[in-house]
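Trainee: Take this structure first; my questions come after.
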Amino acid sequence: MARGRPASRATMSVNAEQVRHVAKLARIAMSDAEVEAMVPEFNNILHWVEQLAEVDTDGVEPLTAVIENHLRLRDDVVDDGNCRDDILKNAPDAQHGFFAVPKVIE
Amino acid sequence: MVSDYRIKGATGDWEVVVGLEVHAQVVSDAKLFSGAATAFGAEPNTQVSLVDAAMPGMLPVPNCECIRQAVRTGMALDAVINRWSRFDRKNYFYADLPQGYQISQLYHPLVGPGEVEILLDEKDENSVKQIGIERIHVEQDAGKLMHDQHPTMSYVDLNRSGVALMEIVSRPDMSSPAEAGAYLRKLRAILRYVGSCDGNMEEGSMRADVNVSVRRPGGELGTRTETKNVNSVRFVMAVIEHEARRQVDLIEEGGEVAQETRLYDPDKNVTRTLRSKEDAHDYRYFPDPDLLPLELDEAFIEECRASLPELPDDKRKRFEGLGITPYNASVLTAEVETARWFDALLDAGAEARQAANWVVAELFGALNRLGKTIVDAPVSPQQAAELLGLVADGTLSGSLAKQVFEIMLDTGDDAGKIVDERGLKQTSDTGEIDAKIDEILAANADKVEQYKAGKEALFGFFVGQTMKAMAGKANPQMVNERLRAKLN
Amino acid sequence: MSELTSKTIAELREGFRAGDHSAREIAEAFNAAVVAGRSLNAYTVETPELALAAADAADAARAAGELKPLSGIPLGIKDLFATEGTDSTAGSNILKGFKPTYESRVSANLKAAGAGMLGKLNMDEFAMGSSNETSAYGPVISPWRRNDGWNAALTPGGSSGGSAAAVAAGLAPGVTGTDTGGSIRQPAAFTGISGIKPTYGRCSRWGIVSFASSLDQAGPMARTVLDCAIMLEAMAGFDPRDATSLNLPVPQWEAGLSSDLRGKKVGIPKEYRIDGVPAEINAIWDQGIEWLKDAGAEVVEISLPHTKYALPTYYIIAPAEASSNLARYDGVRYGLRETGVKTLDDMYAATRSAGFGAEVKRRVMIGTYVLSAGYYDAYFTKAQKVRTLIKRDFAQAFAGCDLILTPTAPSAAFGLQEKTADPIAMYLNDVFAVPASLAGLPAMSVPGGLDSQGLPLGLHLIGRELDEQGVLNAGLAIEERAGFTARPEKWW
Ligand SMILES: [Mg+2]
Ligand SMILES: [Zn+2]
């Protein structure tokens, strides 16, 4: 198993900066204390799941469908939509038929 | 054929390398994964299903027509159709992306490698160049953000959210703005022939991500930038020109091109940085677990193939085979509507070469003047065929045909009716023609003398006088024959 | 417990049809029990009016001779199911106040079958947990207590903890649960009830808040195997709105029930004898083997060699899918929004930080990490390959047997907060349940007996794809022989 294996246990450890990066990717605001607290937890879980490296998966295809089944396609028929009230009903901020969000600068 | 397009730098010449990722909206009634409508211009958030708004627990089910259109497009681009493909999620957060991911295809796209043939010079059939297609994948469009309605808020409209797109990824095979323009126009024509995309760039039905890098002629590839969402052929060409220049200047000043995403500002005709490589997204693609692999059977593939129309290149070659000039054939096949109109004209019995000349000269001229397109032409192919038939059988002379055509444009009447009602038929009655000729020769005895003495240019004068006397309705060939008989 | 609330669905249905009691009487009895049981914190929303309305409709239907399969039966619905007009929050602050304009396919199926809704059931937030302690509504307290006189509050298990507690305490005759990695079976085992997770694709996922799409399955939890069969028949069925739904007719599981296991081979996986599992668990397992033999089955040893890798595999795949499935909770279209921030990104981050609890954040973070650039192949692809091997293990095992028997959980119910400090210790709860989830197989927990502390222990049956009938039948065989009638003493 040359590729696809975590290089070594030691190098797979994450530090606070990486946790912060992941939190940013996941859009979860975290205080420094929360980040610090998560580092060891994160590493514990990662080290635990890394036992999979022991499994020989050469020539094994990743699972695609858990139960043999075929993708069904829909006919090209307009049978949905036209329900703006339903779409906006739970919105924290709906204005003039739109969802409103803090201004985005592009 | 090698392009000779070069950027002149202070230190020498530079070549430009261009690849395009074209997002083409698929023609379908419903969205890619929901039953909401796709029509353009509806009230905000009225063409949105619970699925498109990513309500909790909502699931995607793919629309067969969108898959079919992408497969047909692939076939039209001579591409590999992958019998087994699947959808992946591209994860990122943005207000126009309700699910927090776009369902797309990264690892196993629906369509594999293909190619598009372009002509570098429209009038030169030998100026052919093949532009490679790397892949076509099917994916969801995002919603729309409005920034100018409120001082501190942006507004989100999800009508476009989930509309099917084909992303057509070219190889970096283009080496000038003109080539990119030719490629885009050709691609657009093919999509419109196939009917898989309406090609309406103003409405955003087609937009391109433009990848540009520069290098020394024949040298190593440089670092490329990607300018996003350029929505006209002209702008794509401007981006390439501008971006190549910018990169050359940067390199020659000792700088380095950064791999980054840029935006084009058509008002200022500049590109600017949108995202640098450092804060590039980490999209965390993985197979969408709400969907199974997409497996196409032979019957489906066959139906797609059988439903393909004649494509621009084949049509052009067929037209040329009918004796139409390469230039006319290329003009007549550039737009699917023109080609269809012209085919209808042929079907109505018109002779190909004559018809092609007439369409390119007379019809296009008239449409231009009237500010109309072939789709709303005031004359139908059947009417035009009748007109051309009257010329072919000698009923109308060229100039009479022009007159009749003008009246047709005005009134919408058929040519035959106009000819009958207004007596515009040309006459081949030798008696009538001979009588007029005799009158004219008698009245111009001096000129007859001169002609007989060798001033042959006067022949035209006699023809003109005769035609005038016949009020333009004489068969010009006949007038010629009778005149020669009497003068010689 | 009133007489009615101690009855099974089958008994209530029979009594209702025979005219012994009206549907309204049944609904009123359970509505009262729900109120009386509030200290268990099993329900997040009570909907007595909906239960009564369905009951009145059932009474009218009975008068008109138009009975449906579940007419007269009120049920509890796990908060993961979208229920039209009723708060559906997945146990999360981020969906507080969310009232869907739509009804999940499974709960709609139950309602179409005549069932009423007593309320929404508490659960681990987004179904992420095995003790119901991650709920934004606070933990559910199990109606069971240890017989040591200490009376520590125990977990009913999770994530369908409210569902399990409600059935065990007589606050509903039957409930819906969902099972991603044991969330029906482990709480059923902890509370002395039955619950079945059908084959992946049997129950539509449409309208169920997604946790891990390739694993999530709805199923019933009730007192008896028969009740599970009755409910599952109403819940299951093809749904064109779920692309992973199986386009197969729903078998008549109730009519097909039989505890005669002659001719059946039951496999006992040697890898499920795990160090550190209490002797009582293995003892009840051995007892279960004897019961199945008594029912006519032949017992064989089988091997599922990748068992030990199932949990780590699960804890890559499920968080990865969840990290993406939970991206839609962003404060834009529904649910919580944190204001007072300047940018859109800040709004996302603040909303998700305030709206998600610790365990959800942990899993979203892990899931984000294992999918991120440079790690995808090492973690996610690797896990999907091991998942293929786990599925293959089962296929090979089923070449030599018809069913598999294991314990449901490696322990009896534990005390609240006993395991919250150690995520991995908590994850180990599902060590026996997760392999079947990864393989999409039908699996069921039925009560086996009580341990020395007086707490229920469950036995776990795994069947071939689509063989819910075989699982239910073996469950019935155990049920008949275990004679499990223990009920928690009412202290609430
Ligand atoms: Mg792109
Ligand atoms: Zn794209």
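The values are calculated or read from the model by the stated rules, or taken from the named source; none is laboratory data. These figures come from a predicted structure and were not determined experimentally. As a convention, Cβ positions derive from the backbone with ideal geometry for all residues, glycine included, and neighbour counts pool all protein chains shown. Note: areas computed on protein heavy atoms with side chains; ligands, DNA, RNA excluded. Shrake-Rupley method; radii C 1.70, N 1.55, O 1.52, S 1.80 Å.
Trainee: So if I take the centroid of the Cα atoms in the stretch B:184-218 and the same for the stretch B:39-55, what is the distance between those two points in Å?
Mentor: Rounded to whole Å, the Cα centres lie 27 Å apart.
Trainee: If we restrict to alpha carbons, what Rg and Dmax does the stretch B:310-422 come to, in Å?
Mentor: In Å, with Rg to one decimal and Dmax whole: 13.6, 43.
Trainee: Continuing with the same structure: Name the aspartates and glutamates eligible as straight-distance cross-link partners of B:K129: C-alpha to C-alpha under 14 Å, and not fewer than 8 places from it in the same chain.
Mentor: Within reach: B:D4, B:E115, B:E117, B:D121, B:D173, B:E179, B:D313.
Trainee: Here is a follow-up. Compute the signed sum of charges (Lys and Arg +1, Asp and Glu -1) over the other residues within less than 12 Å, Cβ to Cβ, of C:G37.
Mentor: Every neighbour counted, the sum reads +1.
Trainee: Where does chain C land at 222 nm, in deg cm²/dmol rounded to the nearest 500, when only DSSP H runs of n ≥ 4 count, each adding -39500 (n - 2.57), divided by all residues?
Mentor: -11000 deg cm²/dmol
Trainee: Also, I was wondering about something else. Please give the direction-averaged projected area of the C-alpha convex hull for the stretch B:430-487, in square nanometres with one decimal.
Mentor: The Cα convex hull of the stretch B:430-487, projected and averaged over all directions, gives 3.4 nm².
Trainee: Here is a follow-up. Treating cross-link reach as a plain straight distance, find the lysines whose alpha-carbon is under 16 Å from the alpha-carbon of A:K103, omitting any fewer than eight places away in the same chain.
Mentor: B:K144, C:K342
Trainee: Related question: Give C:K308/C:K361; B:K228/B:K268; A:K89/B:K31; C:K120/C:K391; C:K78/C:K308 a once-over and call out the pairs whose C-alpha atoms are over 24 Å from each other.
Mentor: C:K308/C:K361; C:K120/C:K391; C:K78/C:K308
Trainee: OK, next. Looking only at A:L52, A:L73, A:L88, which one moves most when chain A is put into a Gaussian network model with springs between Cα atoms under 10 Å?
Mentor: A:L88
Trainee: Could I ask something else about it? Could you tally up the Lys pairs in the stretch B:430-487 with alpha carbons closer than 20 Å? Skip any pair fewer than 8 positions apart unless they're on separate chains.
Mentor: For the stretch B:430-487, qualifying lysine pairs total 11.
Trainee: Note down the relative contact order for chain B as a percent, whole number, built from C-alpha pairs under 8 angstrom at least six residues apart.
Mentor: 14 percent
Trainee: Continuing with this model, one more query. About its Cα centre, what dipole magnitude does the protein assembly as shown give when the only charges are +1 on Lys and Arg Cβ and -1 on Asp and Glu Cβ, stated in debye to the nearest 20?
Mentor: 760 debye
Trainee: What spacing in nm lies between the two simple spin-label points modelled at B:A334 and B:A442, each 7 Å away from Cα in the Cβ direction?
Mentor: Taking the two extended label points, one gets 5.6 nm.
Trainee: Could you provide, to the nearest whole Å², the per residue accessible area of chain C with probe 1.4 Å?
Mentor: Ligands and nucleic acids excluded, the result is 28 Å² per residue.
Trainee: Can you tell me the 0 to 90 degree angle between the C-alpha axis of helix B:233-252 and the longest principal axis of chain B, rounded to 10?
Mentor: 60 degrees
Trainee: A follow-up question, please. Quick one: Cα centre-to-centre distance for the stretch B:128-144 and the stretch C:447-492, in angstrom?
Mentor: 56 Å
Trainee: Per the helix-only calculation at 222 nm, which mean residue ellipticity applies to chain B, given -39500 (n - 2.57) for every DSSP H run of n ≥ 4 and division by its residues, nearest 500 deg cm²/dmol?
Mentor: After summing the helix terms and dividing by residue count, I get -11500 deg cm²/dmol.
Trainee: Right, here's the next one. Could you name the aspartates and glutamates in cross-link range of C:K68, using Cα to Cα under 13 Å and dropping any fewer than eight places away on the same chain?
Mentor: Of all the aspartates and glutamates, those that pass the test against C:K68 - Cα under 13 Å, at least 8 places apart if same chain - are C:E14, C:D59, C:E233.
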